[in-house]
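The values are calculated or read from the model by the stated rules, or taken from the named source; none is laboratory data. Worth saying up front: this structure is predicted, and the values here are computed from it rather than measured. Glycine gets a Cβ as well: all are built from the backbone with ideal geometry, and neighbour counts include every protein chain shown. What goes into the accessible areas is simple: the full protein's heavy atoms, side chains included, and nothing from ligands, DNA or RNA. Shrake-Rupley method; radii C 1.70, N 1.55, O 1.52, S 1.80 Å.
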Amino acid sequence: MISPKLKQLLHVLADGQFHSGTELAGLLGASRSAVWKHLSALSEFGIELLAVSGKGYRLQHPLQLLDEQQIDQHLDGNAKSLLGELEIHDQIHSTNTHLLEKARMGAGIGSVCLAERQTAGKGRRGRYWVSPFGHNIYLSILWRFQGGPAAINGLSLAVGVAVIRALRGFGIVDVGLKWPNDIYWRQRKLAGILIEVSGETSGPCHAVIGLGLNVYLPAHEGQAIEQDWVDLHAILAESFHGKRNRLVGELLNQLLPVLAEYETRALGHYLDEWRGYDAMQGKQVDIFMHEQSFSGVVAGIDDQGLLLLELADGQTRVFASGEVSFRRL
């Protein structure tokens, strides 16, 4: 948890401009040495600070802290009616894990958890999701379904469509979907979706839908990622600065209705749109399953959302799961 004084400093420094020690001390009503102690604490959260003699202090990159009121301003009427409790954490182990724990305690449908930083962010297959403070989006939504896990087959594909809709609303082109649940921009990963389901096999269940989206990822943080990645800062440069809360609002505008309608509409409603965003169609890929690997050309997805791979011998193999990697030519 960030102290109120430290958060106050962050709000001042968020513009990315230099602020003198005297100015900051006056704003906080504290000594300059006390200000320095607070600023030193920023490193514990992975926040990069630049200090220049005669100029003062500034963040290496400007940021916009998450704010519930600002997010609410960007929600449409439908999303507001579907939204349950909205939590924003300075730091948390994992937004998905947090909502899974709350679900077991009876948390309501449409509960949303956001965090400035995750210490144990989760990716697919047990991977760690790199989650530095204050720049990216770590968002999880809890939803309950009456028909059991079978009723939400293909949900990650529909969620991917919702994310693409939100991004395209910001003028982001060349963005597409990599089966089964990644968002790519020009063959580099921009975001990932992780859905965790718990409940009865044929009865009510709950799902936590997690989204990690790179808004600005410092290069030294990105070194821990084992695949090509990109962030919105690289795609849109300064034109995206200050729009993080607006993006959260637009993501909820798109995601919440998809979740509310999925049991009645199912995957078929989203298939054509998903195929239009398919970033893998016709691409040479390798698919890894357990100890086996398969190489071929992606032939799209079938009506159940399963991946179709055309092998070298002309046969088409169907995959319900697997790790897909673009082949470097």
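Which of the residues that make up region 5-24 are over 16 Å from L66 (Cβ atoms) and open to solvent by 10 Å² or more (accessible area, probe 1.4 Å)? Across region 5-24, the qualifying residues are K5, V12, D15, G16, Q17, F18, H19, S20, T22, E23. I want to confirm something. Restricting to region 87-134 and keeping residues that are among the hydroxyl-bearing types (S, T, Y) and out of contact with any strand residue (DSSP E or B) (no Cβ under 6 Å at 6 or more places or on another chain), which single residue is nearest to E323 (Cα to Cα)? Once the filter is applied, the top-ranked residue is Y128. Filtering G210, G171 for residues that are closer than 22 Å to D67 by Cβ and small (G, A, S) leaves a single hit, G210. Among the residues of region 142-150, is there at least one that is open to solvent by less than 30 Å² (accessible area, probe 1.4 Å), free of Cβ contacts under 8 Å to residues at least 60 places away in the same chain and under 20 Å from R246 (Cβ atoms)? No: region 142-150 contains no residue that is open to solvent by less than 30 Å² (accessible area, probe 1.4 Å), free of Cβ contacts under 8 Å to residues at least 60 places away in the same chain and under 20 Å from R246 (Cβ atoms). Do we find that D303 is within 19 Å of A162 (Cα to Cα) and more than 25 Å from the chain's Cα centre (by Cα) in this structure? Here the answer is yes, as D303 does meet what is asked. The set of residues from region 62-118 being surrounded by fewer than 15 Cβ atoms within 10 Å (Cβ to Cβ) and over 17 Å from I209 (Cα atoms) comprises D67, E68, Q69, Q73, D76, G77, N78, K80, S81, M105.
When the residues of region 238-249 are filtered to those that are open to solvent by 50 Å² or more (accessible area, probe 1.4 Å) and outside any loop (DSSP other than H, G, I, E, B), which remaining residue is nearest to G77 (Cα to Cα)? Step by step, filter region 238-249, then rank; the result is R246.
Every residue, every condition in (1) of a type outside the set (A, V, I, L, M, F, W, C); (2) closer than 20 Å to E68 by Cα, yes or no:
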{"residue": "L99", "(1), (2)": "no, yes"}
{"residue": "A120", "(1), (2)": "no, no"}
{"residue": "G134", "(1), (2)": "yes, yes"}
{"residue": "I137", "(1), (2)": "no, yes"}
{"residue": "R144", "(1), (2)": "yes, no"}
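Among the residues of region 255-303, those identified as of a type in the set (A, V, I, L, M), under 26 Å from S325 (Cβ atoms) and open to solvent by 20 Å² or more (accessible area, probe 1.4 Å) are A279, M289, V297, A299.
Matching residues to (1) touching a Pro at 6+ places or on another chain (Cβ under 7 Å); (2) polar (S, T, N, Q); (3) under 21 Å from D278 (Cβ atoms); (4) assigned to a strand (DSSP E or B):
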site: G110; (1), (2), (3), (4): no, no, no, no
site: P132; (1), (2), (3), (4): yes, no, no, no
site: L142; (1), (2), (3), (4): no, no, no, yes
site: A166; (1), (2), (3), (4): no, no, yes, no
